[in-house]
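The values are calculated or read from the model by the stated rules, or taken from the named source; none is laboratory data. Everything quoted here is computed from the prediction, not taken from an experiment. Here the Cβ positions follow ideal geometry from the backbone for every residue, glycine too, while neighbour counts run over all protein chains shown.
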Amino acid sequence: MEPNLPDHSLLLSRSFFARDPRIVARGLLGCVVISHKGSAVTGGRIVEAEAYLGADDSGSHAATRGITSRNAVMYGPPGHAYVYFTYGNHHMLNFVCEAEGTAGAVLVRALEPFYGLAEMAARRGNRPAGELTNGPGKLTEALGIDLSDNACPLNEKGIFVYDAPRPAAEQVAASGRIGLADGHEHEYRYYLRDNSFVSRGRTGPVRRPVRATDRSEP
């Protein structure tokens, strides 16, 4: 039996997100994300989150020569969704952090699924519960989140984030980030120890694909 949906009085405020992404990422552990798409309500508890900073963070989308069409949402007001498409296959859900004009975001990497399990399973090709939301691409598919959610304000329509009891300090671990060629060494990934819904990605550098124009002549 699924638990009751959280009360709207527990919705996180914009000020919660208007802080350093590392603080926000750590603080999001244990919070609840709920997606309303059509008549379906799906969601769960955040068990893994990853912080991304501004232009000085080599792993961030903000590590460019300035604002681009892709990263503009990261510079916008806090408490909005930043959704992008990657690897030609996956959507990624981020929450915009920092004050408006300063880039920052938190990638939601894994959830412990609570709400709408049958709907999430259907969206994920009838995968078992342990495979529904244990990765950033999996959870967006399970929640029905796509590019139409990019730049949308949280807690107004579509995506809602609720406060909830936080884990004890000894339950929280930090590591380098996953899936990056640059900036992977920063310990900005926060997750719940021994939680079976945490993603299984490995930390450490990821090799960039070599384009034909990048290869040296033999």
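Considering each residue of segment 159-186, count those that are out of contact with any Leu (no Cβ under 6 Å at 6 or more places or on another chain), of a type in the set (Asp, Glu) and touching a residue at least 60 places away in the same chain (Cβ under 8 Å), and give that number.
Final tally of qualifying residues: 1.
Only one of these conditions is not met by ASP20: (1) modelled with pLDDT of 95 or more; (2) more than 20 Å from LEU180 (Cα to Cα); (3) touching a helix residue (DSSP H, G or I) at 6+ places or on another chain (Cβ under 8 Å). Which number is it?
With (1) modelled with pLDDT of 95 or more; (2) more than 20 Å from LEU180 (Cα to Cα); (3) touching a helix residue (DSSP H, G or I) at 6+ places or on another chain (Cβ under 8 Å) applied to ASP20, the lone miss is (3).
Out of segment 125-162, which residues are over 20 Å from ALA81 (Cβ atoms), surrounded by fewer than 22 Cβ atoms within 10 Å (Cβ to Cβ) and not acidic (Asp, Glu)?
Once the filter is applied, which keeps residues that are over 20 Å from ALA81 (Cβ atoms), surrounded by fewer than 22 Cβ atoms within 10 Å (Cβ to Cβ) and not acidic (Asp, Glu), segment 125-162 yields GLY125, ASN126, ARG127, PRO128, ALA129, GLY130.
Please identify the pairs in which a residue from segment 1-17 that is closer than 19 Å to GLY27 by Cα has its Cβ atom under 6 Å from the Cβ atom of a residue that is buried (at least 17 other Cβ atoms within 10 Å of the Cβ) and of a type in the set (Ser, Thr, Tyr), counting only partners at least 6 apart or on another chain.
Qualifying pairs under 6 Å: PRO6/TYR162; LEU10/TYR162; LEU11/TYR162.
Looking at the structure I just gave you, is GLU119 among the acidic types (Asp, Glu), in contact with a strand residue (DSSP E or B) (Cβ under 9 Å, 6 or more places away or on another chain) and assigned to a loop (DSSP other than H, G, I, E, B)?
Values: among the acidic types (Asp, Glu): yes; in contact with a strand residue (DSSP E or B) (Cβ under 9 Å, 6 or more places away or on another chain): yes; assigned to a loop (DSSP other than H, G, I, E, B): no.
Criteria not met by GLU119.
Going by what's in this entry, would MET74 be described as of a type in the set (A, V, I, L, M), in a strand (DSSP E or B) and modelled with pLDDT of 95 or more?
no
Output the residues belonging to segment 101-124 that are more than 19 Å from the chain's Cα centre (by Cα), on the phi < 0 side of the Ramachandran plot and either buried (at least 23 other Cβ atoms within 10 Å of the Cβ) or of a type outside the set (A, V, I, L, M, F, W, C) (or both).
Correct list: GLU119 only.
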